[in-house]
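First the structure, in the form of structure tokens, and then the observations on it.
The values are calculated or read from the model by the stated rules, or taken from the named source; none is laboratory data. Just so it is clear, the structure is predicted and the values come from calculations on it, not from any experiment. For neighbour counting, all protein chains shown are included, and Cβ atoms are generated from backbone atoms with ideal geometry for every residue, glycine included. Protein only, heavy atoms only, side chains kept; ligands, DNA and RNA dropped before computing areas. Shrake-Rupley method; radii C 1.70, N 1.55, O 1.52, S 1.80 Å.
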Amino acid sequence: MYKEEDFLQLSGIQHFAFCRRQWALAYIELQWQENVRTVEGKLMHLKAHDASAVEKRGDCIISRAMPIQSRELGISGECDIVEFHRSDEGISLTGRSGLYQVVPVEYKRGRPKVTDVDTLQLTAQALCLEERCFAVRFPGDIFIMVRQGAEQRWRSVKNCVIKQRQCFWKCMSITAAAIHPV
């Protein structure tokens with residue numbers, strides 16, 4: 001179990017897997033420079049991070065900016081969106097009838113990556129939600145926004161449980177070693 005002051009930021013997992021130097025500059029040295037892509041990403045996330053905007057679409061309840069953490073993993077952060085899909089299996093929600101499947105959704109700007117760097121962050125979110133006693137559809141969805149003239153949007157469903165957990169644990173052990181050398 002980790003103490004809260006030793007938690008790593010969930011958002012840093014993708015940065016670490018993509019480029020360790022970039023991660024160290026942003027999360028250890030606290031040197032971050034905004035650019036066009038990062039500003040566009042922040043603007044895209046504005047609605048996703050509006051915690052007051054809870055909505056219902058048919059049998060789906062959408063929760064935004066859900067804070068999550070895992071004492072076991074030593075990570076904390078915020079899910080862009082967590083969807084609760086009414087289902088025959090799942091969890092019960094206070095004040096709602098029926099059962100719901102929990103689906104974390106991560107917003108990304110740009111093209112889908114050929115590597116698993118974006119999926120690692122989503123996997124970490126799913127593990128945090130699991131620790132919170134939610135039955136999660138593992139690991140969730142990545143909502144990718146692409147700008148090519150007119151804006152296109154689509155979902156990329158990721159569901160490689162064992163592979164993603166292994167990649168996540170490898171990334172976390174390397175990250176922890178970088179921050180807390182023995």
Report task. Filter segment 30-45 down to residues that are more than 25 Å from residue 7 (Cβ to Cβ) and open to solvent by 60 Å² or more (accessible area, probe 1.4 Å), then give me how many there are. Result -> 5
Requested in this report: Mind telling me which of the residues 24, 48 ends up being touching a residue at least 60 places away in the same chain (Cβ under 8 Å) and not charged (D, E, K, R)?
Outcome: 24
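Could you tell me which residue of segment 8-29 is farthest from residue 118 (Cα to Cα), considering only residues that are in contact with a strand residue (DSSP E or B) (Cβ under 7 Å, 6 or more places away or on another chain) and open to solvent by 30 Å² or more (accessible area, probe 1.4 Å)? Outline the logic, then answer.
Start the filter on segment 8-29 by keeping residues that are in contact with a strand residue (DSSP E or B) (Cβ under 7 Å, 6 or more places away or on another chain), which leaves 8-11, 27.
Among the residues that remain, those that are also open to solvent by 30 Å² or more (accessible area, probe 1.4 Å) are: 9, 11, 27.
Details: 9: 14, 11: 10, 27: 17 Å.
Checked segment 8-29; the qualifying residue farthest from residue 118 (Cα to Cα) is 27.
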Requested in this report: Give the residues of segment 27-38 that are in contact with a helix residue (DSSP H, G or I) (Cβ under 6 Å, 6 or more places away or on another chain) and without any contact (Cβ under 8 Å) to a residue 12 or more places away in the chain, sorted by residue number.
Outcome: 31, 32
Query raised in the report: What is the residue count in segment 51-84 for residues that are in contact (Cβ under 8 Å) with a residue 40 or more places away in the chain and either under 10 Å from residue 128 (Cβ atoms) or open to solvent by 20 Å² or more (accessible area, probe 1.4 Å) (or both)?
Result: 11
Report summary line: Among (1) more than 19 Å from the chain's Cα centre (by Cα); (2) buried (at least 16 other Cβ atoms within 10 Å of the Cβ); (3) modelled with pLDDT under 85, residue 107 falls short only on (1)
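Go through segment 1-21 and give me each residue that's without any contact (Cβ under 8 Å) to a residue 60 or more places away in the chain and either closer than 25 Å to residue 66 by Cβ or aromatic (Phe, Trp, Tyr) (or both).
Our first condition is that a residue be without any contact (Cβ under 8 Å) to a residue 60 or more places away in the chain; within segment 1-21, this holds for 3, 5, 15, 19, 21.
Hits for segment 1-21 are 3, 5, 15.
Yes/no per residue for (1) open to solvent by less than 10 Å² (accessible area, probe 1.4 Å); (2) among the hydrophobic types (A, V, I, L, M, F, W, C); (3) out of contact with any Cys (no Cβ under 7 Å at 6 or more places or on another chain):
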| site | (1), (2), (3) |
| --- | --- |
| 91 | no, yes, yes |
| 102 | yes, yes, yes |
| 111 | no, no, yes |
| 114 | no, yes, yes |
